[in-house]
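> Take a look at this one; I'll ask things after.
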Amino acid sequence: MTSKERVTDDLSRATKRNGRARLWVARHAPALDAAICYGRSDVAVQIAPESAAERLLASYCGDPPRHVWSSPASRCRLVAERLAATLSVPLTTDDALGELHFGAWEGRPWTVIQTEEAYAAWMNDWQRIAPPGGEIPADIEARVRAWLSALAGDGVHWVIAHSGVVRALRVVIERCSWPDAMRREVPHLSWTEFALD
């Protein structure tokens, strides 16, 4: 049985189940150049979209999704497009699911950024001080909270996004603090499940 067949085998039965909505969220594949700051920047990744999609299908252990959501970033969107096409479910990209914006640091080497005064200030108070022209955690939390509030319908929704989005969901849904969320790993191409009330 292929990954697609395994995920869709009981689709008709699953769509008849009643229950609260659930999110299954996966982070994109690793960036080809992790030495640069790439929050909102569009960067190449180490694994082709087809292979990333197949890996996610093979590792998934929940009910079939009703909808696939994605960050607009190509490292997420190209994978989400293949997942939605494989399972014949709708796909929506949403800016709210974008990664934290690092402002003037986007696309620059971390080794250079780390020599600047703004970096030291950010490291000392990252919850309240944003990178120049960028966002703080409360900003991505507000975006994700608004997206979640507008999510309609029961069943399973898949989200292909970023570590910042996964951590924001932990803050919003699990009510953990940002320091706690930051301490928890978010592996690439790995599913995280959230149950919604």
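> Scan region 116-136 for residues that are basic (Lys, Arg) and either assigned to a helix (DSSP H, G or I) or touching a Leu at 6+ places or on another chain (Cβ under 6 Å) (or both) and report the count.
Of the residues in that region, 0 qualify.
> Which one of these does GLU54 not meet: (1) part of a loop (DSSP other than H, G, I, E, B); (2) out of contact with any helix residue (DSSP H, G or I) (no Cβ under 6 Å at 6 or more places or on another chain); (3) among the acidic types (Asp, Glu)?
Answer for GLU54: the failing condition is (1).
> If we keep just the residues of region 138-192 that are of a type in the set (Phe, Trp, Tyr) and part of a helix (DSSP H, G or I), which is surrounded by the fewest Cβ atoms within 10 Å (Cβ to Cβ)?
Going through the qualifying residues, I end up with TRP178.
> With the requirement that a residue be closer than 17 Å to SER71 by Cα and of a type in the set (Ser, Thr, Tyr), what does region 90-118 give you?
Of everything in region 90-118, those that are closer than 17 Å to SER71 by Cα and of a type in the set (Ser, Thr, Tyr) turn out to be THR92, THR93.
> Right, another one. Given the conditions (1) closer than 21 Å to ARG167 by Cβ; (2) surrounded by 16 or more Cβ atoms within 10 Å (Cβ to Cβ); (3) more than 19 Å from the chain's Cα centre (by Cα); (4) polar (S, T, N, Q), which single one is not true for THR93?
Only one criterion is unmet by THR93, namely (3).
> Enumerate the pairs (first residue in region 66-86 and without any contact (Cβ under 8 Å) to a residue 12 or more places away in the chain and part of a helix (DSSP H, G or I); second residue anywhere and surrounded by 21 or more Cβ atoms within 10 Å (Cβ to Cβ) and of a type in the set (Lys, Arg)) with beta-carbon separation below 6 Å, excluding pairs fewer than 6 apart on the same chain, so at least 6 apart or on different chains.
none
Rule-based calculations on the coordinates, nothing more; no lab input. This is a predicted model, so every value here is computed, not measured. In this analysis, Cβ positions are derived from the backbone assuming ideal geometry, glycine residues included, and neighbour counts consider all displayed protein chains.
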